[in-house]
Amino acid sequence: YPLCALPPTTKQWYQRRVHGESGHCSGGGRIRKAVRVFSSDNIYSNIMGSKHGKPVLREEDITQLASTSGLDRKQVEDHFNGFRTEHPDGRMNKKEFKSMMSKALPKKDASKMEKHVFRVYDTNQDGFIDFIEFMVVYYVMADGSPEEVLLKIFRIFDINSDGVISKKELTRLVKDMYGMIQSESPETASQEMIAKSAFAEMDKDVDGKISTAEFISACLNQEEFSRILALKCVDIFVQDD
């Protein structure tokens, strides 16, 4: 299982998903709906079942995953069996996740970003990623709306998981991902400039914090520095052609 196991894609994935082939922003009216549905990550809030100490998919887990992901029952079960082969206890720990991240990013970048990306998956904050948590992210990143994708990306920036992004949190993220940004754009702005500009783009009501709706809106509207940060985060989850 590679990081999110997405099919090959190109660097234009983000622009196509958010703006469509025509390049115009789409789906902005769905921001509130996406925030309401995904902000608490309660789609699969129940803990996975177990039998004789081994993880099992309950009937309601299979039904829920099949109905929301577009997979049929057999596909869900096949995915689960594959996940359980790699992780016999039915969940991925931080060490295993670190190994997976090292295959998606250069070692230096992976070591800085792994804890931030781990938050995207570990929605119940128990320090592990179970199959259901993994599949929710897989489904959203592969087939979710732009708003749903960006709401998952928001969790990377929300370091303390309080539902908003502070200036301190955004500055920390820019610092940790600056190597990723600079690797493609050596002449890019300084860390301080990117953090300051991105925060100004997102914090529309100037209250000193960025809400999920503000974050999504800035990315959908292709604000310059917001776009750069969102695109680099999306790159973590996809494979190049």
Per the rule of 0.36 nm per residue minus the C-alpha distance, extending ASP162 to SER99 adds in nm 19.9 nm
As an exercise, use a Förster radius of 35 Å and the Cβ-Cβ distance of GLU77 and ARG172 to find the FRET efficiency, rounded to the nearest 0.05. 0.30
Members of LYS209/LYS232; LYS103/LYS175; LYS112/LYS168; LYS167/LYS196; LYS175/LYS204; LYS98/LYS209 lying beyond 19 Å, as alpha-carbon distances in this model show: LYS209/LYS232; LYS103/LYS175; LYS175/LYS204; LYS98/LYS209
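Evaluate the relative contact order of segment 167-241 (contact order divided by residue number), counting alpha-carbon pairs under 8 angstrom at least 6 apart; express in whole percent. Numbers along the way, then the final one.
Working: 49 pairs, mean separation 20.9, N = 75.
In percent, rounded to a whole number, it is 28.
For segment 53-96, what is the accessible area per residue in Å², given a 1.4 Å probe and the full set of protein chains?
Heavy-atom SASA per residue in segment 53-96 reads 62 Å².
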For LYS95, go through the aspartates and glutamates and keep the ones whose alpha-carbon is under 12 Å away, minus same-chain ones fewer than eight residues off. GLU114
Taking θ as phi - 60°, what are the ³J(HN,Hα) couplings along segment 205-219 by the Karplus curve (6.51, -1.76, 1.60), each to the nearest whole Hz, with x for Gly and Pro? 8, 6, 9, x, 8, 10, 7, 4, 5, 5, 4, 4, 4, 4, 6
For segment 125-234, dividing by residue count, accessible area per residue (probe 1.4 Å) in Å² works out to 39 Å²
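With a 1.4 Å probe and all protein chains left in place, how much of the accessible area of segment 71-178 comes from carbon and sulfur atoms, in whole percent? Could the numbers behind the result be given before it?
Numbers: 2390 of 4890 Å².
The C+S portion of the solvent-accessible surface of segment 71-178 is 49 percent.
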FRET efficiency, GLU184 to ARG58 (Cβ-Cβ, R0 41 Å, nearest 0.05): 0.40
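The values are calculated or read from the model by the stated rules, or taken from the named source; none is laboratory data. These numbers come from a predicted model, not from an experiment. Cβ atoms come from the backbone with ideal geometry, glycine included; neighbour counts cover every protein chain shown. To get the accessible areas, we keep the full protein, side chains included, count just its heavy atoms, and leave off ligands, DNA and RNA. Shrake-Rupley method; radii C 1.70, N 1.55, O 1.52, S 1.80 Å.
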